[in-house]
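Below you'll find the structure, written out as structure tokens, and then a few comments.
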């Protein structure tokens with residue numbers, strides 16, 4: 001009998017993971033579930049999924065992936081966990097992890113569930129953005145690993161390894177705290193940079209003529225999905241506010257140095273920050 | 001007689017421009033001038049320049065390019081302008097333009113001088129970073145055009161066009177005001193993002209494991225030269241402070257929305273900023 005793989009959310013992340021799963025399990029039956037009929041039609045036309053389905057009709061699942069916003073994951077994960085058999089792998093790829101883990105802490109099938117966060121993505125979205133290789137050489141963080149059955153974890157790790165992902169472990173509270181700095185703050189800084197420049201430059205020609213690759217780079221994330229990121233800022237509110245406060249504090253600090261013409265100290269601060277070069281060199285970014 | 005071309009500052013920008021000039025004028029004599037002996041040795045070894053010289057020994061110059069920090073341009077530009085013949089093109093590629101233009105406003109040879117800003121560069125520096133093609137398809141902004149002799153401008157524009165650069169005109173005060181938003185602010189936001197994340201993440205492993213291409217993109221400019229950028233923030237202090245204040249204002253605004261859980265309004269603000277997609281599409285960024 002062919003394996004049933006359910007992909008809940010057939011956008012960039014779910015669609016790209018479906019493409020990899022089909023390569024690993026060519027005989028599997030890939031079933032897409034999505035609130036958007038348009039997404040399901042596109043995903044089928046793009047041969048990302050074989051057919052479409054619903055959560056209530058999940059039958060004999062081998063893998064169920066939830067690649068939808070965190071709020072929606074919390075809403076349907078308990079119901080999804082009701083549909084598993086003892087060997088089913090239930091995965092979520094939500095951007096925050098603590099509220100999801102808390103929502104199923106007492107579920108009888110909690111041990112079938114892996115709370116994961118693959119550090120992969122682009123500023124594009126939807127099934128048409130899905131592509132082979134998105135996860136290659138990327139980290140995937142598994143949270144609260146001890147809550148999952150060893151056999152389920154082992155099977156999932158084999159799959160991640162075949163996709164050339166690197167697995168690391170964290171508890172879900174730490175995950176959300178650190179990801180606020182390393183990911184969520186980047187998005188806020190970029191969105192607000194875009195806003196500040198557009199507010200000032202009513203004449204777009206100035207931006208066209210004067211913007212270099214540096215502006216493009218820092219403002220790239222301002223192209224991201226407003227809905228998705230609003231949900232993330234909502235879900236990770238406390239940590240996001242902390243990172244944003246720290247960021248504003250540092251901007252005020254540097255503003256103060258410029259105001260007082262303390263340029264020696266300013267240069268020293270920028271020099272220290274140059275150390276980021278060394279850190280970035282250690283990271284593998286090909287997409 | 002071969003043409004004498006003087007490149008003052010043989011780093012990324014000066015070196016890359018020298019490479020293009022040598023292609024256009026293969027018989028020219030390219031003379032490098034630089035405070036750093038090491039840079040001159042590298043530039044000669046890399047065949048970016050033919051020989052080295054000094055400002056005092058400038059003789060019968062065809063082109064003199066100043067590709068050094070703004071402060072140093074202001075220091076030596078009057079002396080450089082004393083060395084010209086009636087047809088010499090004197091160019092500066094400083095990142096701010098008003099203080100430079102003001103410094104030579106009454107010089108008897110002002111009309112030989114073109115205050116220009118090519119919108120090109122990378123986060124790397126020095127002669128080893130110089131390369132062919134850096135200026136291709138990039139904008140170059142000429143400031144206070146009316147102060148330059150028409151023949152000098154026409155010759156320079158022909159050279160820029162052969163390098164496939166697009167020429168636009170601005171007055172130097174507007175240039176400095178707009179560039180603060182479109183370029184200088186990006187650098188400050190990126191430097192401070194790097195600082196904020198490094199302050200928080202004492203354990204670099206968290207950055208390694210959790211940082212995606214989004215973080216890399218927004219923090220890329222934090223690798224830039226602290227000395228060069230401190231000088232720019234110093235020279236363009238008033239405009240930089242204005243852009244920085246606006247940026248902090250917007251970050252406070254969004255912080256306030258998150259604190260009060262006004263997520264509908266937050267999403268609306270992010271949606272408006274998405275318009276940057278359309279603007280960025282109009283810009284040609286290949287490097």
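Ordered from longest to shortest, the equivalent ellipsoid semi-axes for region A:175-281 are 24, 22, 14 Å, each the square root of 5 times a Cα gyration tensor eigenvalue.
Looking at chain A alone, DSSP beta bridges between its own residues are antiparallel in about 15 percent of cases.
If you take the alpha carbon radius of gyration of region A:4-170 and divide it by 2.2 N^0.38 Å, what ratio comes out, to two decimals? Write out the running numbers ahead of the final one.
Values: Rg = 14.3 Å, N = 167, 2.2 N^0.38 = 15.4 Å.
In units of the globular-protein estimate, region A:4-170 measures up at 0.93.
Across region B:172-253, the mean sequence separation of Cα contacts (distance under 8 Å, 6 or more residues apart), normalised by length, yields a relative contact order of 49 percent.
Kirkwood Rh, region A:127-244, all Cα pairs: how many Å? All intermediate terms of the calculation are to be shown ahead of the outcome.
Details: mean 1/r = 0.0582 Å⁻¹.
Kirkwood radius, region A:127-244: 17.2 Å.
Distances between copies at residue A:56, taken between label points 7 Å from Cα along the C-beta direction, are 9.2 nm in increasing order. Site pair residue A:79 and residue A:275 shows an inter-label distance of 5.0 nm when each label is modelled 7 Å from Cα along Cα→Cβ. With its label point put 7 Å out from Cα toward Cβ, residue A:260 sits 3.3 nm from the same residue's point in the other copies, in order from shortest.
Which order, highest average first, do A:199-205, B:211-217 follow once you tally other Cβ atoms within 10 Å for each residue and take the mean per peptide? Show your work: numbers first, answer last.
Working: A:199-205: 13.3, B:211-217: 21.1.
Per-residue Cβ counts within 10 Å, averaged per peptide and sorted highest first, yield B:211-217, A:199-205.
Between copies, the label points of residue A:164, set 7 Å from Cα on the Cα→Cβ line, lie 3.1 nm apart, reported in increasing order to one decimal in nanometres. Remark: mean inter-chain Cβ contacts per residue of A:177-184 equal 6, using a 10 Å Cβ-Cβ cutoff to other protein chain atoms.
In this rough spin-label picture, where each label sits 7 Å from Cα along the Cβ direction, the residue A:151-residue B:252 distance is 5.9 nm.
Result for chain B in a Gaussian network model with C-alpha springs under 10 Å: among B:34, B:231, B:246, the largest mean-square fluctuation is at B:246.
Cα convex hull, the protein assembly as shown: 154 Å³ per residue, rounded to a whole number.
Distances between every pair of Cα atoms in chain A, grouped in 10 Å steps from 0 to the bin holding the largest one, split as 6, 25, 33, 20, 11, 5, 1, 0 percent.
Here region A:101-190 has an Rg and Dmax of 14.6, 42 Å, counting Cα atoms alone.
I need to check one value: relative contact order of chain B, counting alpha carbon pairs closer than 8 Å and at least 6 residues apart, in percent. The partial results should precede the final answer.
Values: 418 pairs, mean separation 46.1, N = 287.
Normalised by residue count, the contact order of chain B is 16 percent.
All of the numbers you see were taken from the coordinates with simple rules; none came from a lab. Model, not experiment: these values are computed from the prediction. FYI the Cβ positions are ideal-geometry reconstructions off the backbone, even for glycines, and counts take in every protein chain you see.
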